[in-house]
1. Go through (1) in a helix (DSSP H, G or I); (2) of a type outside the set (Lys, Arg); (3) surrounded by 19 or more Cβ atoms within 10 Å (Cβ to Cβ) one by one and return the number of the condition ASP167 breaks.
2. Looking only at strands (runs of 3 or more DSSP E) that fall completely inside segment 180-249, which ones have 3 or more residues that are surrounded by fewer than 22 Cβ atoms within 10 Å (Cβ to Cβ)?
3. Out of all the residues in segment 148-155, is one or more within 11 Å of ligand 1 (Cβ to nearest atom), in contact (Cβ under 8 Å) with a residue 24 or more places away in the chain and closer than 28 Å to THR200 by Cα?
4. For segment 83-142, please list each of the strands (runs of 3 or more DSSP E) lying entirely inside it that holds at least 1 residues being of a type in the set (Gly, Ala, Ser) and either surrounded by 14 or more Cβ atoms within 10 Å (Cβ to Cβ) or away from ligand 2 (no atom under 16 Å from the Cβ) (or both).
5. Do we find that VAL181 is away from ligand 1 (no atom under 11 Å from the Cβ), among the aliphatic types (A, V, I, L, M) and not assigned by TED's automatic domain parsing to the domain that holds ALA53 in this structure?
6. Examine segment 223-230 for a residue that is of a type outside the set (Asp, Glu), touching an Asp or Glu at 6+ places or on another chain (Cβ under 9 Å) and under 18 Å from GLU88 (Cβ atoms), and state whether such a residue exists.
7. Being in a helix (DSSP H, G or I) and near ligand 1 (Cβ under 10 Å from one of its atoms) is the filter here; which residues of segment 2-30 pass it?
8. Can you pull out every residue in segment 184-224 that is more than 11 Å from ligand 1 (Cβ to nearest atom) and touching a residue at least 24 places away in the same chain (Cβ under 8 Å)?
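The values are calculated or read from the model by the stated rules, or taken from the named source; none is laboratory data. Note that the coordinates shown come from a computational prediction; the quantities given were computed from them, not determined experimentally. Reconstructed Cβ throughout: ideal geometry from the backbone, glycine too, with neighbour counts over all protein chains shown.
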Amino acid sequence: MVSHRLKHILRQASSMCVLTGAGISAESGVPTFRGKDGLWKKFKPEELANFDAFIRNPELVWEWYSYRKRLIDNVRPGAGHTALAELERFVPRFTLVTQNVDNLHQRAGSKRVLELHGNIERSYCIACGSDANEEHLNRTEGVPRCERCGGLVRPAVVWFGELLPHDVFNEAEEAARWCDVFLCVGTSAVVYPAAALPATAKHAGAYVVEVNMERTDISHYVDESLIGLAGTILPELVGILREEKEKIA
Ligand code: BJW
Ligand code: ZN
C-alpha cells in the first residue's frame with residue numbers, strides 16, 4: 001500500500017535515482033546471491049567472485065559464468081524492469097543505477113543504466129585489456145583466450161576487492177546527492193560501496209524508499225519500506241505518475 005505522503009512526494013519529484021539489486025531479477029528466474037535460495041548457499045564467493053580465485057582456477061570460474069550467462073539468455077525482463085523503463089520517461093531527471101550484471105534493464109528498454117558491477121555479456125583480456133569478441137567466446141569450450149595476444153579472458157564484472165568503474169560510481173553518487181527521491185529496489189544493501197548510496201541520498205535530503213520482500217540493513221534509516229515484490233510495487237508507483245501525466249495532458 002503506497003502512502004499518501006509517498007504519492008504526493010512522487011508527483012512533486014523532479015529528480016529520482018533508483019538503485020537495483022538481484023531481487024528485481026529474481027522474478028525473471030535469475031537467482032539472488034544471499035538468502036535461502038541464493039547463489040552463495042551453493043557456491044562460495046571466495047572461490048568464484050575474486051581475482052585470486054580466477055587465477056587459481058579459471059576453468060571453475062568460467063564454468064560458473066557460462067552457466068549463468070546461459071540462464072540469463074533464457075529469461076525475460078520482469079514487470080519491475082519494465083516499470084523502471086517507463087519511469088525513465090516520466091521523471092525529468094532520472095538515474096538508474098544497478099548492481100546487476102544481467103542486462104535485463106537494457107532489455108526492458110531502459111536507455112541509460114549505470115552498471116556498478118559490470119555486465120556478464122562482456123569479457124576482456126587480463127593481459128592486453130582488449131574486449132573479447134562475444135561470438136568467439138560463445139563458440140569456445142572451457143577457458144577463453146584472447147584472439148590478439150593469447151592472454152586469459154575474464155568476465156567484465158566487478159569481483160570482491162576490485163574497484164568499481166570510477167566514472168560510473170561518481171555519476172551514481174552525484175545522482176544520489178541531487179535526487180528528490182531515492183528508490184532502493186531488491187538489494188540486501190550489504191555490499192559496499194553500492195550500499196552507501198541510499199545513505200548518501202538520505203544525508204543530502206532525499207526521500208529514501210526501499211522496495212524489498214523483507215527488511216534489510218538499511219530499513220532502520222529509510223523513510224519508507226515497501227515490503228513486497230518489485231514486480232508488483234514498481235508498477236504501482238509508475239501508475240501513480242502515469243495518472244498524474246494523463247491528468248495534465
Ligand atoms: C526481492 C525480490 C523481489 C528477492 N522483489 N525484493 C568489510 C566491511 C565493509 C566492506 C568490506 C568489508 N570487507 C570487504 C569489503 C568490501 C566489499 C564488501 O562490501 N563486502 C561486504 C560483503 C562485506 N566490497 C568490494 O570488495 C567492492 N569493491 C571495493 O570495495 O573496492 C574497494 C576495495 C578494494 C580493495 C580492497 C578492499 C576494498 C566490490 C564489490 C563487488 C561485488 N560483486 C558481486 C559479484 C558481481 C559479479 C557476478 O554477478 O558474478 O556483485 S557480489 C554480489 O553482491 C553481486 C551483487 O551485485 C552484490 C549485491 O547483491 P544484491 O544485489 O544486494 O543481492 P542479494 O542476493 O544480496 O539481495 C537480494 C535482495 O533482493 C534481498 O534483500 C531479497 O530480500 C530481495 N528480493 N526477491 C523485491 N521479487
Ligand atoms: Zn589480449
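1. Every condition holds for ASP167 apart from (3).
2. 224-227
3. Checking segment 148-155: not a single residue is within 11 Å of ligand 1 (Cβ to nearest atom), in contact (Cβ under 8 Å) with a residue 24 or more places away in the chain and closer than 28 Å to THR200 by Cα.
4. In segment 83-142, the matching strands (runs of 3 or more DSSP E) lie at 118-125.
5. yes
6. yes
7. GLY23, ILE24, SER25, ALA26
8. Answer for segment 184-224, where residues must be more than 11 Å from ligand 1 (Cβ to nearest atom) and touching a residue at least 24 places away in the same chain (Cβ under 8 Å): LEU197, PRO198, THR200, ALA201, ALA204, ALA206, TYR207, VAL208, VAL209, VAL222, GLU224.
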